[in-house]
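Asker: Below you will find the structure I want to go over with you.
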Amino acid sequence: MKRSIYFGIFAVVLIAFLGSAVVGEMLGRGVLHPMVRPLTPPSIQICERVLQKVGANPEDFAVSAPDGVLLRGWKVRSASANGPWVLLFHGVSDNRTGMTGQAALLLHHGYSVVMMDARAHGDSGGNMATFGLLERRDTRAIIDALSTTETPRNPFALGSSMGAAIALQSAAVEPRIAAVVAESSFSDLR
């Protein structure tokens, strides 16, 4: 009788352990390799129409990250540029077009913007989203590349969700970022 009770407890513990290992592996894969909303011609056209309403046209902008990953996006000058540039960071599983509303508002008020696809998102390379660990270094490369053709005085960073976390972490390691707006960031990865 005692043997069957111990066997039953052992079986429950073993099943719980194996179940948590399987679920943990699946969740880990989903976090690091998120399902990504594709950057489609219709979504690009909608975004371009919104930006054109405020007198702006996106220019392709490609940046090589420190680890060689190619990041793709747009730099968009305001028709009435007043100098400051704002780096826009989208949320997990999204792409640069997810920041269209914020871009239009900023462009309307004279700010120029950089709308990049985060690594492993949209048209950017990379096989894993790291929620800021590598992306903060990508931000430095983006500002360096922007500085070769523009004069980004005191660039700002604005991010939503994962993008907010990237903006905050980027400001911690990139002294050129003058201010951050973080919408719905997380306090830790868990």
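Asker: Is it true that Gly98 is part of a loop (DSSP other than H, G, I, E, B) and in the same structural domain as Leu146 (by TED's automatic domain parsing)?
Answerer: For Gly98, the condition - part of a loop (DSSP other than H, G, I, E, B) and in the same structural domain as Leu146 (by TED's automatic domain parsing) - is not met.
Asker: Just a yes or no: is a residue in the stretch 140-149 within 18 Å of Asp117 (Cα to Cα) and either outside the structural domain of Asp60 (by TED's automatic domain parsing) or surrounded by fewer than 16 Cβ atoms within 10 Å (Cβ to Cβ) (or both)?
Answerer: yes
Asker: Residues Leu71, Leu88: which one is farther than 22 Å from Ala178 by Cα, touching a strand residue (DSSP E or B) at 6+ places or on another chain (Cβ under 6 Å) and at pLDDT 95 or above?
Answerer: Only one candidate qualifies: Leu71.
Asker: Can you tell me which residues in the stretch 40-61 are without any contact (Cβ under 8 Å) to a residue 60 or more places away in the chain, more than 12 Å from His108 (Cα to Cα) and either of a type outside the set (Asp, Glu) or in a loop (DSSP other than H, G, I, E, B) (or both)?
Answerer: Thr40, Pro41, Pro42, Ser43, Ile44, Gln45, Ile46, Cys47, Arg49, Asn57, Pro58
Asker: Okay, moving on. Over 14 Å from the mean Cα position of the chain (by Cα) and either modelled with pLDDT of 85 or more or not aromatic (Phe, Trp, Tyr) (or both), is that true of Val76?
Answerer: Working: over 14 Å from the mean Cα position of the chain (by Cα): yes; either modelled with pLDDT of 85 or more or not aromatic (Phe, Trp, Tyr) (or both): yes.
Yes.
Asker: Shifting gears a bit: Give the stretch 129-167 a look and list any residue that's part of a loop (DSSP other than H, G, I, E, B) and over 12 Å from Leu88 (Cα atoms), or say none.
Answerer: Taking the stretch 129-167 and keeping what is part of a loop (DSSP other than H, G, I, E, B), we get 129-134, 150-155, 161.
Within the stretch 129-167, Ala129, Thr130, Phe131, Gly132, Leu133, Leu134, Glu150, Thr151, Pro152, Arg153, Asn154 qualify.
Asker: Let me ask something additional. Does Leu133 qualify as being more than 13 Å from Val63 (Cβ to Cβ) and free of Cβ contacts under 8 Å to residues at least 40 places away in the same chain?
Answerer: Yes: the conditions hold for Leu133.
Asker: Please go through the stretch 93-115 and give me each residue that is under 18 Å from Ser185 (Cβ atoms) and crowded, with 19+ Cβ neighbours inside 10 Å, ordered by number.
Answerer: Those that are under 18 Å from Ser185 (Cβ atoms) and crowded, with 19+ Cβ neighbours inside 10 Å: Asp94, Gly98, Met99, Gln102.
Asker: If you don't mind, there's one more thing I want to ask. Would you tally the residues in the stretch 104-124 being without any contact (Cβ under 8 Å) to a residue 60 or more places away in the chain and outside any helix (DSSP H, G or I)?
Answerer: 11
Asker: Is it the case, given these coordinates, that Arg37 is within 14 Å of the chain's Cα centre (by Cα) and at pLDDT 95 or above?
Answerer: no
Asker: Would you call Leu87 surrounded by 21 or more Cβ atoms within 10 Å (Cβ to Cβ), of a type outside the set (Val, Ile, Thr) and assigned to a strand (DSSP E or B)?
Answerer: yes
The values are calculated or read from the model by the stated rules, or taken from the named source; none is laboratory data. Only a predicted model underlies this, so the values are computations on that prediction, with no experimental measurement involved. In this analysis, Cβ positions are derived from the backbone assuming ideal geometry, glycine residues included, and neighbour counts consider all displayed protein chains.
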